[in-house]
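Asker: The following block contains the structure, expressed as structure tokens.
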Amino acid sequence: MGKITVETCHIEGLKVITPQVFGDARGYFVETYHKEAYTEAGIPDEFVQDNQSASKKGVLRGLHFQIKHAQAKLVRVVSGEVFDVAVDMREGSPTYGQWYGVVLSAENMKQFYIPKNFAHGFLVLSDFAEFCYKVTDFYHPNDEGGIIYNDPDIGVEWPIPEGMELIMSDKDTKWGQLKDLR
């Protein structure tokens with residue numbers, strides 16, 4: 001079992017994981033998930049589905065969540081680089097409405113664990129990125145919710161370089177603010 005390093009942040013439950021990479025002249029090997037190691041790290045979830053998406057530079061996906069079928073997620077990037085964001089939507093949480101962001105890349109191999117009841121999104125910083133995520137519940141298309149990426153009450157500091165044009169789905173441009181969901 002490879003060793004993992006776990007960083008926590010000011011929002012309880014969020015974890016940034018760096019797995020141990022074994023490399024030599026041939027390339028590298030890394031365990032991207034090991035149930036026992038992740039359980040010891042405080043991630044006992046049972047993941048039921050793996051997803052992968054590919055996006056070009058400037059694509060912003062999110063901020064998404066499932067309403068009744070909340071999902072915990074373990075996300076990583078296998079090609080390129082993204083700025084990944086989670087927003088605390090847990091009612092009664094002392095950090096409700098606060099966000100945390102981390103750069104995930106094929107180079108740093110970091111993973112981001114996001115518990116249930118968080119909104120999630122990411123911005124592609126490289127020319128192209130492939131994004132993988134494990135989830136604890138199946139996707140239900142009629143259970144989808146979202147928050148506009150630039151909600152001023154949340155204040156996510158997206159690292160949008162000057163001149164970068166955001167590419168978003170039509171629905172992602174029309175989500176309301178977090179305060180509208182209460």
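The values are calculated or read from the model by the stated rules, or taken from the named source; none is laboratory data. A quick note: this is a predicted structure, and the numbers were derived from the prediction, not measured. Positions of Cβ are generated from backbone atoms using ideal geometry, with glycine treated the same way; all protein chains shown enter the neighbour counts. Only protein heavy atoms, including side chains, enter the accessible area calculation; ligands, DNA and RNA are left aside. Shrake-Rupley method; radii C 1.70, N 1.55, O 1.52, S 1.80 Å.
Asker: How many residues are surrounded by 21 or more Cβ atoms within 10 Å (Cβ to Cβ) and touching a residue at least 60 places away in the same chain (Cβ under 8 Å) when one looks only at the stretch 74-84?
Answerer: The qualifying residues number 1.
Asker: Do you know which residues across the stretch 18-34 are closer than 13 Å to N108 by Cβ and open to solvent by less than 50 Å² (accessible area, probe 1.4 Å)?
Answerer: Hits for the stretch 18-34 are T18, P19, V30.
Asker: Of (1) out of contact with any strand residue (DSSP E or B) (no Cβ under 6 Å at 6 or more places or on another chain); (2) assigned to a strand (DSSP E or B); (3) closer than 22 Å to V87 by Cβ, G23 satisfies all except one. Which?
Answerer: Looking at each condition in turn, G23 falls short on (3).
Asker: Quick check on the stretch 109-124. Is at least one of its residues in a loop (DSSP other than H, G, I, E, B) and more than 15 Å from the chain's Cα centre (by Cα)?
Answerer: no
Asker: If you check V103, V87, which single one turns out to be in contact with a strand residue (DSSP E or B) (Cβ under 8 Å, 6 or more places away or on another chain), surrounded by 19 or more Cβ atoms within 10 Å (Cβ to Cβ) and closer than 20 Å to M168 by Cα?
Answerer: V87
Asker: Applying the selection to the stretch 143-160, what residues are within 10 Å of G176 (Cα to Cα) and more than 17 Å from the chain's Cα centre (by Cα)?
Answerer: If the condition is that a residue be within 10 Å of G176 (Cα to Cα) and more than 17 Å from the chain's Cα centre (by Cα), then D151 is the only one that fits.
Asker: Here are some residues: A54, A70, A119. Which one is open to solvent by less than 50 Å² (accessible area, probe 1.4 Å), of a type in the set (G, A, S) and touching a strand residue (DSSP E or B) at 6+ places or on another chain (Cβ under 7 Å)?
Answerer: On inspection, the qualifying residue turns out to be A119.
Asker: Next question. Cβ-Cβ distance below 6 Å, separation of 6 or more or different chains: which pairs start in the stretch 85-96 with a residue that is of a type in the set (K, R) and end on one that is part of a loop (DSSP other than H, G, I, E, B)?
Answerer: Going by the 6 Å Cβ cut-off, the qualifying pairs are R90/N117.
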